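Engineer: My questions will all concern the structure given below.
Rule-based calculations on the coordinates, nothing more; no lab input. This one's a predicted model, so the numbers in the text were calculated from it and none came from an experiment. Cβ placement follows ideal geometry from the backbone for every residue including glycine, while neighbour counts extend to all protein chains displayed.
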Amino acid sequence: MTVKARTSGITFKSLLLEMAGRTDITYFPFPEYKSLQSSSYNRQSVSPDKPGWFADSDGVSWIREETIGNSKEYVIMEHEGPGCITRMWTPFFYYSFDNRTGPHVKIYLDGNKQPVIDENFIALLTGKGTIKPPFASYTARAGVCFLPIPFSKSCKITLDDKGFYNIINYRAYSAGTEVETFSQDLYLHSGSQLAATAKNLSELCPATEESRISFEQQIGPGDSLLIPLPEGERSVNRLTIRLKSPGGMQYLHSTVLKISFDGHQTIWCPVGDFFCSTDTINQFLTKNLTVSKEGTMTSGWVMPYASKGQLSLINFQQNAVTASVELYVGHYKWDDRSMYFHVNIAEIGVLPGDKFFDMNFVNIHGKGVLAGDALTVLSPGKGWWGEGDEKIYIDQSDLKRKFPTHFGTGTEDYYGWAGGVNPNGKDVFSMPFGSNVRVGNLTDPSGYNVCMRNRILDAIPFTDRLVFDMEASPGTDIRNYWNLLSYSAVTYWYGMPGATSGRAAESSLAREKRMTVPEIERLQQLVRDSVFIFNQASLENRIRSKKVY
């Protein structure tokens, strides 16, 4: 389970091994890289203190037009220096929902005039082109490609027609970093490595050759279950939790997982929210998190520590909870790049639908890597709630210039799927890199909606600060003061010793009952009838102060 410093540079094989591995992300990257993004976000957005910050037309922007030979090409991404494309996303339609063909994409590497990839953009990203699942897959009205495409000198991506919604994530390595440039021959001769990687991505974290710890105990109201971990340089490599309690599903939100490593608490999160199941069991399967139909919740996140650790389950509800816990703890090589695993919940609460907000998922001080997140939205309406873009500020430099390195094109786009029609429960999917865990009900988005994303090669390193905001942005059909939406978010990240999110554990959060659709509908009616009036200034101040837990 150890990782040695890479001395032979970045290769296509080493990237596939990193993608399939589990411990690489627990060490701060070496060679170091910057996580960058190109997208078709609306260029009217230039600063949070200027008009246009919440401009919503995100699908018709590109860097520039070029004439190459006898054809016009639209540049959607370019970078000078060594790097690697780690993720590409686009809808499965192009401008019109009836146009399922779309443009050709060309990927030029190292200044070569001949593209290494030249094929239909939608087919490529939905797994119907050169790159096959699980490295490129159809999700829900969209395609996502996670195949690493490394380059040693430069990269440019163009379309042969005007750009439509697209997001390109890529790594930028320091000048002088040795990187093996991708080629079709390299891809075709890597069949066995691709197959092994695909197999590892689709399987639950193995539990062999490790110490197994298991407990089953009834936890009374206000009580807790404490499990000490083996001492020494170790890591929790798999954690499985099963909970049972009478009186409904509130136990999912009122049973809190608390974990401390080397005397520092790094995880405080309701179990259900940790596993994208805040009010009921939601079945899904990804590389790092999975929940079975029967309610077995399993984490494959590797959680290392240098000398000691302990895990607690705390029951904040009025009924007893029966908890079954199984851990697999293995040996781990702790060094000066090792990081602790953190989980934070941001309970943002109910917001009115007539104004945009930047909701803060996490605000980290220190050095580490953003590894994933999950968003839960309760919507009483049948309209679309997720027009908002992600805005991820990396280090103090982004905060000083008041503009994020990652500026997206929509909430569903960030999580790998797309709109075009009003979403419904048939749009759920699971893949190694994330899941559309739940979409309202079978006919529309009303009810609970849960999206989650694992960041693997597209993980985001930061050296002193990371601020992750997501716009609260309802669709135009529900954009008025009385259309209420309730938001919460969970963030998974690794941090060097001393890194903090500034969030204190709030027991009141776990004691609060999860709101239901009838309850938010009643609140919505009160607002509409002017019996209850929102204190708009208070809400705005709450968002600006990033009051989260």
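Engineer: Where does the charge balance sit around PRO134 when Lys and Arg score +1, Asp and Glu -1, over other residues with C-beta under 11 Å from its C-beta?
Structural biologist: +3
Engineer: Tell me, what ³J(HN,Hα) does each residue in region 372-377 have, in order and in whole Hz, if you take phi through Karplus 6.51 cos²θ - 1.76 cosθ + 1.60 with θ = phi - 60° and put x for Gly and Pro?
Structural biologist: x, 6, 9, 10, 10, 10
Engineer: Kindly identify region 361-407 as rounded, prolate or oblate by the Cα gyration tensor criterion: order the square roots of the eigenvalues as a ≥ b ≥ c, call it rounded if a/c is under 1.5, otherwise compare a/b with b/c, prolate if a/b is larger, else oblate.
Structural biologist: Prolate shape, in that a/c is at least 1.5 and a/b is the bigger ratio.
Engineer: Quickly estimate the mean residue ellipticity at 222 nm for the chain, helices only: each DSSP H run with n ≥ 4 gives -39500 (n - 2.57), and the total goes over all residues, rounded to 500.
Structural biologist: Computed ellipticity for the chain at 222 nm equals -3500 deg cm²/dmol.
Engineer: Can you bin every Cα-Cα distance in region 14-202 into 5 Å intervals starting at zero and give me the percent of pairs per bin, rounded to whole numbers?
Structural biologist: Percent of pairs per bin, in order: 1, 7, 14, 19, 20, 17, 12, 6, 2, 0, 0.
Engineer: Output wanted: per-residue J couplings in Hz (rounded whole) for region 313-325, from phi through Karplus 6.51 cos²θ - 1.76 cosθ + 1.60, θ = phi - 60°, x for Gly and Pro.
Structural biologist: 10, 10, 9, 9, 9, 7, 9, 5, 10, 9, 10, 10, 10
Engineer: Treating cross-link reach as a plain straight distance, find the lysines whose alpha-carbon is under 25 Å from the alpha-carbon of LYS162, omitting any fewer than eight places away in the same chain.
Structural biologist: LYS72, LYS106, LYS113, LYS128, LYS391
Engineer: Just to be sure I understand: if I project the alpha-carbon convex hull of the chain onto a plane and average over all orientations, what area do I get in nm²?
Structural biologist: 24.3 nm²
Engineer: With a cap of 12 neighbouring Cβ atoms within 10 Å, and only residues DSSP puts in a loop, list the trypsin sites (Lys or Arg not before Pro) found in region 222-311.
Structural biologist: In loop regions of region 222-311 (DSSP not H, G, I, E or B), the sparsely surrounded trypsin sites (Lys or Arg not before Pro) are LYS293.
Engineer: Would you calculate the volume per residue, in Å³, of the smallest convex hull containing every Cα atom of region 56-99?
Structural biologist: Normalising the Cα hull of region 56-99 by residue number yields 138 Å³.
Engineer: Something else about it: Which value in nm describes the separation of the simple spin-label points at GLN396 and SER292, placed 7 Å from the Cα toward the beta carbon?
Structural biologist: Output for this residue pair reads 5.0 nm.
Engineer: List the relative contact order of the chain as a percent without decimals, with contacts defined as Cα pairs under 8 Å and 6+ residues apart.
Structural biologist: Reported relative contact order: 17 percent.
Engineer: Take peptides 354-367, 101-114 and line them up by average Cβ neighbours within 10 Å, highest first, as a rough protection proxy.
Structural biologist: Top of the packing list down: 354-367, 101-114.
Engineer: Could you tell me whether region 307-429 comes out rounded, prolate or oblate from its Cα gyration tensor? Rule is a ≥ b ≥ c as square roots of the eigenvalues, rounded for a/c under 1.5, then prolate if a/b exceeds b/c, otherwise oblate.
Structural biologist: Because a/c hits 1.5 or more and a/b fails to exceed b/c, region 307-429 counts as oblate.
Engineer: So for region 208-338, averaging the separation of alpha carbon pairs under 8 Å that are six or more residues apart and normalising by length, what relative contact order in percent results?
Structural biologist: Relative contact order, region 208-338: 47 percent.
Engineer: Using modelled backbone amide H atoms (1.01 Å from N, in-plane), which distant-in-sequence or interchain residues come within less than 5 Å of ILE267's amide H?
Structural biologist: Hits under the 5 Å cutoff: ILE259, VAL343.
Engineer: Calculate one ³J(HN,Hα) per residue across region 166-172 by plugging θ = phi - 60° into the Karplus curve 6.51 cos²θ - 1.76 cosθ + 1.60, and present them in order as whole Hz with x for glycine and proline.
Structural biologist: Going residue by residue, I get 7, 9, 10, 9, 7, 9, 10 Hz, with x marking Gly and Pro.
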